[in-house]
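Peer 1: If you scroll down you'll find the structure; I have some questions about it.
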């Protein structure tokens with residue numbers, strides 16, 4: 001391939017409105033890649049996040065598929081069956097390239113239609129969704145479901161659509177209702193209607209194990225379903241189950257889990273809806289250690305609403321070995337209002353020591369989230385009163401039990417964080433590669449200097465923290481309010497040099513301002529454009 005002049009490459013990169021086109025050229029042209037790394041790129045993006053609603057209506061001449069497009073603000077856009085609405089042509093490619101999910105709502109109930117009609121419509125829908133993946137180049141997850149209105153739709157049409165989608169972009173699919181799957185496999189041979197065919201990069205398939213009254217009398221998990229499960233693993237796809245917090249849904253989930261254990265199939269299990277309510281639902285069973293599904297959960301949210309809830313931590317970190325994510329939500333109960341401070345503090349210190357005197361057995365844990373959820377905030381920590389000492393004890397105790405497998409940590413709405421917390425975190429989890437701060441009231445300036453494996457940082461409503469030189473991606477979100485409080489005028493909000501002063505780091509040559517109502521309140525700083533997928537994944541955490 002004849003190399004392009006450096007000046008041409010530089011101009012192309014600066015003028016291009018597509019990150020994907022830049023990356024695509026860099027993959028196949030070393031000269032282009034080398035010159036790209038020398039360029040300083042600044043671009044402005046207005047995200048294009050919409051839900052695609054699929055409706056089917058019968059015209060005079062037959063069935064016609066119609067797409068209706070709705071923005072996240074409820075705006076309606078004209079569309080056609082060829083999926084070329086005017087809104088697409090009036091947008092820059094970069095507007096589409098911050099999208100990670102494609103969401104499809106099927107509003108049509110085709111359960112009474114003939115298969116021949118379904119197949120025609122599924123083919124059209126599949127092609128249209130394939131075209132969406134071509135437009136949203138970095139989208140890797142498809143969420144497709146039946147929209148429920150006046151009645152419950154249990155229609156397998158969406159699986160016929162999935163069967164017709166052929167794309168290399170799709171990595172995550174689901175959640176798909178168990179009952180839709182059962183309906184589908186009862187009618188069609190999965191060897192002829194293989195929904196995983198034509199998706200070579202699919203990594204994870206999620207089944208939503210909900211309980212529906214429609215299936216009270218004819219629920220059937222038989223050999224056809226087990227063949228379907230086997231087909232998932234034969235395609236090297238990770239199976240994930242989500243369930244509702246009721247006995248019937250959990251029973252069905254355990255039934256599938258037991259089959260997977262017998263077949264040595266690895267499966268992730270999570271709660272589909274409110275994880276806070278789920279914890280209340282299973283709290284007694286955690287104490288009694290008699291709930292089969294608990295030990296196999298891949299994610300759990302522990303809510304500390306009373307001091308005794310701390311005792312559940314040991315069970316979670318020693319018995320639930322399949323966990324990939326732990327979320328702890330706590331409030332002022334960790335430092336109750338006390339009298340006779342010396343004796344009480346001594347007693348509570350012993351309690352903390354006993355509660356956290358164990359070694360974690362979780363080897364798969366990747367993500368840990370610590371969320372302070374209370375309208376009460378302790379006074380400034382340098383007063384060192386009893387409450388602050390207990391707060392210190394709690395945070396350090398929690399961080400001291402985290403495993404070295406951890407690669408992501410989030411702090412949400414924390415009253416304050418101290419350097420000693422991060423020293424403890426580094427001692428136990430030195431391999432953290434991604435750190436997120438959301439609405440934290442105080443973060444020490446040099447909090448992250450120990451973490452040499454750290455590569456990505458997300459700060460929401462936080463700014464003042466030193467960004468180490470080895471960091472590759474930094475994202476600031478919702479910083480408008482912060483800057484206005486500190487007397488920065490709107491005309492300076494696009495000035496990256498001001499943010500560089502905050503981070504004490506000016507090594508980021510690529511800047512992407514993301515607009516909301518034409519005012520940038522989010523900015524992505526990157527060293528390497530080839531890491532764009534990592535950046536937009538971080539953006540939506």
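No value in this document is a laboratory result; all are computed from the given coordinates. All figures in this text were calculated on a predicted structure; none of them were measured in a lab. Neighbour counts run over all protein chains shown; Cβ positions are idealised from the backbone, glycine included.
Peer 1: Given the peptides 422-429, 124-131, arrange them by the average over their residues of other C-beta atoms within 10 Å, most packed first.
Peer 2: Descending mean neighbour count gives 124-131, 422-429.
Peer 1: At a Förster distance of 22 Å, what's the computed FRET efficiency of residue 453 paired with residue 509, Cβ-Cβ distance as r, to 0.05?
Peer 2: On the way: r = 22 Å, r/R0 = 1.01.
Computed FRET efficiency for residue 453 and residue 509: 0.50.
Peer 1: Using a Förster distance of 35 angstrom, determine the FRET efficiency expected from the C-beta separation of residue 307 and residue 541, and round it to 0.05.
Peer 2: 0.70
Peer 1: Also: How far apart, in nm, are two points set 7 Å out from the Cα along the Cα-to-Cβ line at residue 251 and at residue 230?
Peer 2: My value for the distance between the label points is 2.7 nm.
Peer 1: Would you calculate the separation in nanometres between label points at residue 446 and residue 131, each defined as 7 Å from the Cα along the Cα-to-beta-carbon direction?
Peer 2: 5.8
Peer 1: Run the simple label-point estimate for residue 265 and residue 355 please: 7 Å along Cα→C-beta, distance reported in nm.
Peer 2: Reported label-point gap for residue 265 and residue 355 is 4.0 nm.
Peer 1: Which of the peptides 225-237, 318-330 is most tightly packed, and how do the rest follow, going by the mean number of other Cβ atoms within 10 Å of each residue?
Peer 2: Result, highest mean Cβ count within 10 Å first: 318-330, 225-237.
Peer 1: Then there's this: Place a label point 7 angstrom from the Cα of residue 498 along the Cα-to-Cβ direction, then list the residues of region 438-459 whose backbone nitrogen is under 20 Å away.
Peer 2: So the set is 439, 459.
Peer 1: Quote the FRET efficiency, to the nearest 0.05, computed for residue 27 versus residue 6 with a Förster distance R0 of 22 Å and r equal to the Cβ-Cβ distance.
Peer 2: 0.75
Peer 1: In addition: For a protection proxy built on the mean count of beta-carbon atoms within 10 angstrom, sort 30-43, 197-210 highest first, please. All intermediate terms of the calculation are to be shown ahead of the outcome.
Peer 2: On the way: 30-43: 15.8, 197-210: 18.3.
The most tightly packed comes first, giving 197-210, 30-43.
Peer 1: By counting other Cβ atoms within 10 Å of each Cβ, how are 513, 532 ranked from fewest to most? Present the calculation step by step, with values, prior to reporting the outcome.
Peer 2: Details: 513 18, 532 22.
With the sparsest Cβ surroundings first, the list reads 513, 532.
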